[in-house]
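The values are calculated or read from the model by the stated rules, or taken from the named source; none is laboratory data. Bear in mind that the values here come from a model prediction, so they are computed numbers and not experimental data. For neighbour counting, all protein chains shown are included, and Cβ atoms are generated from backbone atoms with ideal geometry for every residue, glycine included. Ligands, DNA and RNA are excluded from the accessible area calculation, which covers all protein heavy atoms including side chains. Shrake-Rupley method; radii C 1.70, N 1.55, O 1.52, S 1.80 Å.
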Number of protein chains: 2
Amino acid sequence: MATTGEPEERPSRGRRADARRNQQALLTAAAKVFVASGVDAPIRAIAAEAGVGMGTIYRHFPTRSDLVIAVYRHQVEACAEAGPRLLAEADSPFTALRRWVDLFVDFLVTKHGLAQAMQSGGGGFDALHAYFLDRLVPVCGQLLDASVEAGEIGSDIRAFELMRGIGNLCVGRENDPDYDPRRLIELLLRGLRPPRS
Amino acid sequence: MATTGEPEERPSRGRRADARRNQQALLTAAAKVFVASGVDAPIRAIAAEAGVGMGTIYRHFPTRSDLVIAVYRHQVEACAEAGPRLLAEADSPFTALRRWVDLFVDFLVTKHGLAQAMQSGGGGFDALHAYFLDRLVPVCGQLLDASVEAGEIGSDIRAFELMRGIGNLCVGRENDPDYDPRRLIELLLRGLRPPRS
DNA sequence: TTAATATACGGAGCACTGCTCCGCTTTGTC
DNA sequence: GACAAAGCGGAGCAGTGCTCCGTATATTAA
């Protein structure tokens, strides 16, 4: 079963002080290790970095997903909240969509292995997959709907499919000069435009 | 170093009879296990299925890539050879490209985990990645060039990037009714069309 | 302050996997 | 049949995920 939960949302009221400290230390350590070794770094390495035992990390974050979600929650939220804002600010819904996709891609490609993990790769990442989708698909759907309404999009693509495709295109070794996911995503977006009359 | 290989191309002349038998048994066993458990199935499982020891499998196929390549070589070759043929047969270069991509996608999505492995996921799959690219990028490039020449393509996408994008879009659990990579690939191809005048 | 209890900690240990290494077996040859 | 070369098998090591439970600590009550 996927753990749905916000382990660090409630700031640990009523729990023991050492537990709170350890949870914070784990988040900090995980962020550091993720940058260095990717989101599928050995759990032991994160525990060591935080100076705690294996049991502690599993108690606070039963699955890998829980830890990754906790580490990146703020940024995912920011991305989700940017959707409506862009829609209000931009010249047109499609421009907003384009910018939002850019934001999303920026987030993905700077996190080593996150794009891979976000696609239900089959590790302990199921909850992560669900979290991203639950949080961002509606936002993407809103941008998509607005673009359709404005007649800027001809295709009947669904938000889930688009997001999954974008995520997939971001999978792979970062810093590869021969592969820029943005270029392909631009192509994908261009493919959404209505057929020439 | 990536083994460049063709271990089964030369039909084992001059080698001992048991070695030839085992190699064949391994190919058969691997094909079966790949279907059941994907291309990243435990090596032990393949060895067991073939009724040989660990040493034997590593002697014949030093890396996982070597084994995967050997198992699917025929189909990759068929795909590579289909390129020029389609170019000759089809109404237009872009139609040929479209059909070829279809062929490629068919191949990828029916092999559990192959698309994932083909993108240098970082396992023992480096040689596999190189093989696919060496063999298919030139074919794709030919189709792309012909399409550009015919004025059917406006973008300056390179073959490597396109193939990599297609491969990426095919990554993920097969048989997911909510995600059809073909739809996104169609969008991608549509995005290649020249901008409306 | 001290005692009692719930809470949390730590890491040994098991299962699984990749890969190597080397003593033993089989094959081909004379 | 004897011999060397070729090949085989699997024990064993290292890395990893995850669990389990004896021990330590924080908190509360007295």
Note on B:GLN116: of the conditions (1) part of a helix (DSSP H, G or I); (2) open to solvent by 30 Å² or more (accessible area, probe 1.4 Å); (3) more than 16 Å from DNA strand D (Cβ to nearest atom); (4) away from chain A (no Cβ under 14 Å), unmet is (4)
So is B:GLU49 in a helix (DSSP H, G or I) and more than 22 Å from B:PHE132 (Cα to Cα) or not? yes
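State yes or no: is B:GLN75 closer than 30 Å to A:GLY123 by Cβ and at pLDDT below 95? Before the answer, list the steps.
Numbers: closer than 30 Å to A:GLY123 by Cβ: yes; at pLDDT below 95: no.
Judged against the criteria, B:GLN75 is not a match.
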What are the pairs with Cβ atoms under 6 angstrom where one residue, in the range B:79-96, is without any contact (Cβ under 8 Å) to a residue 40 or more places away in the chain and the other, located anywhere, is of a type in the set (Gly, Ala, Ser) and crowded, with 20+ Cβ neighbours inside 10 Å? Sequence gap at least six, or different chains. B:ALA90/B:ALA96
Restricting to the range B:21-55, give me the number of residues that are within 12 Å of DNA strand C (Cβ to nearest atom) and open to solvent by 80 Å² or more (accessible area, probe 1.4 Å). 4
Counting only residues that are open to solvent by 60 Å² or more (accessible area, probe 1.4 Å) and in a helix (DSSP H, G or I), which one in the range A:144-197 is farthest from the other protein chains (Cβ to nearest Cβ)? A:GLU149
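Within the range A:134-141, can one find any residue that is outside any loop (DSSP other than H, G, I, E, B) and of a type in the set (Asp, Glu)? It would help to see each step written out before you state the result.
Filtering the range A:134-141 for residues outside any loop (DSSP other than H, G, I, E, B) gives A:134-141.
The next check asks that each one be of a type in the set (Asp, Glu); those that pass are A:134.
Checking the range A:134-141: at least one residue is outside any loop (DSSP other than H, G, I, E, B) and of a type in the set (Asp, Glu).
Listed here are the residues, each with its yes/no results for (1) more than 18 Å from A:LEU169 (Cβ to Cβ); (2) within 14 Å of chain B (Cβ to nearest Cβ).
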{"site": "A:ALA78", "(1), (2)": "yes, no"}
{"site": "A:PRO84", "(1), (2)": "yes, no"}
{"site": "A:LEU87", "(1), (2)": "yes, no"}
{"site": "A:PRO93", "(1), (2)": "yes, no"}
{"site": "A:VAL101", "(1), (2)": "no, yes"}
{"site": "A:VAL109", "(1), (2)": "no, yes"}
{"site": "A:GLY122", "(1), (2)": "yes, yes"}
{"site": "A:ALA127", "(1), (2)": "yes, no"}
Can you tell which of A:ALA47, A:ALA41 is within 16 Å of DNA strand D (Cβ to nearest atom) and within 14 Å of chain B (Cβ to nearest Cβ)? A:ALA41
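Keeping to the range A:1-20, report how many residues are open to solvent by 80 Å² or more (accessible area, probe 1.4 Å) and at pLDDT below 55. Outline the logic, then answer.
Kept after step one, since they are open to solvent by 80 Å² or more (accessible area, probe 1.4 Å), are these residues of the range A:1-20: A:1, A:4, A:6, A:9-11, A:13-14, A:16, A:20.
Keeping just the survivors that are at pLDDT below 55 gives A:1, A:4, A:6, A:9-11.
Looking only at that region, the number is 6.
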